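To start, the structure itself, in structure tokens.
The values are calculated or read from the model by the stated rules, or taken from the named source; none is laboratory data. Keep in mind the model is a prediction, meaning the values are calculated, not measured. Virtual Cβ from ideal backbone geometry, glycine too; neighbours counted across all protein chains shown.
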Amino acid sequence: MDVGLLILRLVVGLTVAAHGTQKLFGWFGGYGLAGTGGFFEQNLGFRPGKVHAALAGLAELGGGLLIATGLSTPIGAALITTVMVVAVGSVHLPKGYWVNDGGFEYNALVVATVFSLACIGPGEYSIDAATGMVMSGLKVGLAAVVAGFVLGGGALLTRKAPASAPAR
């Protein structure tokens, strides 16, 4: 079970972290802060766009690395859930469920995964286990996801009318 949790944490955590580096540094085909910030401001109504892009990128990078390493897993889950809630609420929800239509399938899968990891715990091969600081269980998982929904919902409330409609 611990090897399975390690592999799951590494794949999900590093994938989410890579999305953060796209926003922050333009790595892996991303647009960096300037491009992502412009998109956030012009298309999604998040002002100032660079600040929102930096926060999203840092939450993805930080949350992804926390999940991958098994360090403060519930905090990583909350950070990742926050970004997924904002993505669904600002882009994907009107497009339905399936990702091939621009929907929120990926986001739902990521939230379900980090919720599960917060409930189960990061496993033996983690920094949390090595330091004896594992926090897990249903209440911990629910707290992480609720925190992510509250923070993400708060971010969505800051949106202004976008200058143009999001690309479909």
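So, THR36, is that one within 30 Å of GLY121 (Cα to Cα) and of a type in the set (Ser, Thr, Tyr) or not?
Answer is no for this residue.
Looking at (1) at pLDDT 95 or above; (2) surrounded by 14 or more Cβ atoms within 10 Å (Cβ to Cβ), find the lone condition where THR131 falls short.
(2)
When residues of region 141-161 are filtered for being among the β-branched types (Val, Ile, Thr) and crowded, with 19+ Cβ neighbours inside 10 Å, how many remain? Walk me through how you get there before you give the answer.
As a first pass, look at region 141-161 and keep what is among the β-branched types (Val, Ile, Thr): 145-146, 150, 158.
Cutting the leftovers down to crowded, with 19+ Cβ neighbours inside 10 Å gives us 145.
Going through region 141-161 one residue at a time, the tally reaches 1.
So which of LEU79, LEU71, LEU66 ends up being touching a helix residue (DSSP H, G or I) at 6+ places or on another chain (Cβ under 8 Å), outside any helix (DSSP H, G or I) and closer than 17 Å to ALA17 by Cβ?
Criteria check complete, one pass: LEU71.
Restricting to region 104-145, name every residue that is under 16 Å from the mean Cα position of the chain (by Cα) and assigned to a loop (DSSP other than H, G, I, E, B).
Listed by number, the list holds a single entry, PHE104.
If you check ARG47, ARG9, which single one turns out to be over 30 Å from GLY121 (Cβ atoms), in contact with a Phe, Trp or Tyr (Cβ under 9 Å, 6 or more places away or on another chain) and among the basic types (Lys, Arg)?
ARG47
Looking at (1) out of contact with any His (no Cβ under 7 Å at 6 or more places or on another chain); (2) within 27 Å of ALA34 (Cβ to Cβ); (3) part of a helix (DSSP H, G or I), which is the only condition ALA161 fails?
All conditions are met except number (3).
From the list THR69, THR113, pick out the single residue that is farther than 21 Å from LEU156 by Cα and touching a Pro at 6+ places or on another chain (Cβ under 9 Å).
THR69
Identify all residues within region 20-32 that are part of a helix (DSSP H, G or I) and touching a Phe, Trp or Tyr at 6+ places or on another chain (Cβ under 8 Å); write none if there are none.
First, the residues of region 20-32 that are part of a helix (DSSP H, G or I): 20-25, 27-29, 32.
THR21, GLN22, LYS23, GLY32, listed by residue number.
So which of LEU71, LEU58 ends up being within 11 Å of the chain's Cα centre (by Cα), surrounded by fewer than 21 Cβ atoms within 10 Å (Cβ to Cβ), under 30 Å from ASP128 (Cα atoms) and not acidic (Asp, Glu)?
Details: LEU71 fails: within 11 Å of the chain's Cα centre (by Cα).
None of the other options fit; the residue is LEU58.
Among the listed residues ALA144, ALA118, ALA130, identify the single one that is under 16 Å from GLY4 (Cα atoms) and of a type in the set (A, V, I, L, M). Working first, answer last.
Numbers: ALA144 fails: under 16 Å from GLY4 (Cα atoms); ALA130 fails: under 16 Å from GLY4 (Cα atoms).
From the options ALA144, ALA118, ALA130, the qualifying one is ALA118.
Could you tell me how many of the residues in region 35-54 are free of Cβ contacts under 8 Å to residues at least 24 places away in the same chain and either surrounded by 24 or more Cβ atoms within 10 Å (Cβ to Cβ) or in a helix (DSSP H, G or I) (or both)?
So the count comes out to 9.
Would you mind telling me which numbered condition in (1) in a helix (DSSP H, G or I); (2) in contact (Cβ under 8 Å) with a residue 60 or more places away in the chain THR15 fails?
Here THR15 meets the rest and fails (2).
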